[in-house]
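A quick write-up on the structure given underneath.
None of the figures in this text is laboratory data; all of them are computed from the coordinates on show. This structure is a prediction, so every number in the text was calculated from the model and none was measured. Positions of Cβ are backbone-derived with ideal geometry, glycine not excepted, and every protein chain shown enters the neighbour counts.
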């Protein structure tokens with residue numbers, strides 16, 4: 001049994017020891033912050049996006065770097081998971097992207113504000129977080145990964161728009177989202193005019209569909225259809 005003086009020395013020694021460890025870890029953490037947070041990439045646009053993120057109370061629904069609410073998706077890797085093109089379309093009109101499903105507020109962000117938010121989320125996504133959160137698995141369950149050629153056998157180039165927007169919901173060759181049906185063999189199920197009609201106004205073809213009206217230009221819609229009709 002320790003005497004009072006021994007107990008005092010044990011307490012003071014233990015406190016000093018663990019305080020030294022705490023101080024060392026704090027200094028080491030602060031030393032690593034600039035490199036792991038990529039401070040050199042923190043642009044003025046990203047800073048404006050951070051202020052807009054806070055002003056809009058996005059953390060009232062979303063988590064970022066593990067902090068916030070758990071009502072809506074985690075946003076730490078949103079830029080990596082979705083990409084800037086998809087994010088720009090979604091932020092412009094969240095309801096249009098997921099009609100009847102998403103409950104995200106329509107903030108009516110202008111193009112500059114959307115660009116700032118994306119710049120902020122891009123910077124967040126580049127922070128070294130030791131693997132948090134885990135990389136998402138966007139492949140359809142039960143399907144082995146298949147490498148899909150950028151150019152179809154017919155020689156038609158796979159549209160970039162598909163890889164930046166459409167693939168978030170649709171899979172092809174086992175890679176992509178599972179929100180909508182896989183598009184393998186879609187040309188065997190729909191004719192060229194039917195595909196044009198679908199992409200022009202999905203809700204008019206099938207009321208209540210989860211397929212958003214992306215307000216595609218005639219040229220972009222034609223480019224997508226020209227490629228889709230090769231998927232047999």
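Would you work out if the range 37-95 is rounded, prolate or oblate? Take a ≥ b ≥ c from the square roots of the eigenvalues of the alpha-carbon gyration tensor; rounded if a/c is under 1.5, else prolate when a/b is larger than b/c, oblate otherwise.
Numbers: a/c = 1.41, a/b = 1.16, b/c = 1.22.
It comes out rounded by the Cα gyration axes.
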**OP:** On a 0 to 90° scale, report how tilted helix 4-36 is relative to the longest principal axis of the chain, with both axes built from alpha carbons and the result rounded to the nearest 10.
**Re:** 30
**OP:** Quote the relative contact order of the range 156-198 in percent (integer), defining contacts as alpha-carbon pairs under 8 Å separated by 6+ residues.
**Re:** 23
Subject >> For the chain: relative contact order, % (alpha-carbon pairs under 8 angstrom, 6 or more apart) >> reply: 18
Subject >> Tilt relative to the chain, helix 218-228 - C-alpha long axis, 0 to 90 degrees, to 10 >> reply: 90
Original post:
What nm distance separates the two modelled labels at residue 189 and residue 41, each placed 7 Å from Cα along Cα→Cβ?
Top reply: 3.7
Original post:
Given a Förster radius of 45 Å and the C-beta distance between residue 59 and residue 3 as r, what FRET efficiency does 1/(1 + (r/R0)^6) yield to the nearest 0.05?
Top reply: 0.30
**OP:** Please report how far the C-alpha centroid of the range 181-225 lies from that of the range 64-120, rounded to the nearest whole angstrom.
**Re:** 24
Subject >> Per residue, the convex hull volume that the Cα atoms of the chain enclose (Å³) >> reply: 202
Original post:
In terms of the Cα gyration tensor, with a ≥ b ≥ c the square roots of its eigenvalues, is the range 160-228 rounded because a/c is under 1.5, prolate because a/b exceeds b/c, or oblate?
Top reply: rounded
**OP:** Quick one: angle between helix 111-125 and the longest Cα principal axis of the chain, in degrees between 0 and 90, rounded to 10, please.
**Re:** 50
**OP:** Report the label-to-label distance for residue 11 and residue 226 in nanometres (one decimal), using points 7 Å from each Cα along the Cα→Cβ vector.
**Re:** 8.2
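In percent, how large is the relative contact order of the range 39-125, given Cα pairs closer than 8 Å and 6 or more residues apart?
Working: 108 pairs, mean separation 34.7, N = 87.
It rounds to 40 percent for the range 39-125.
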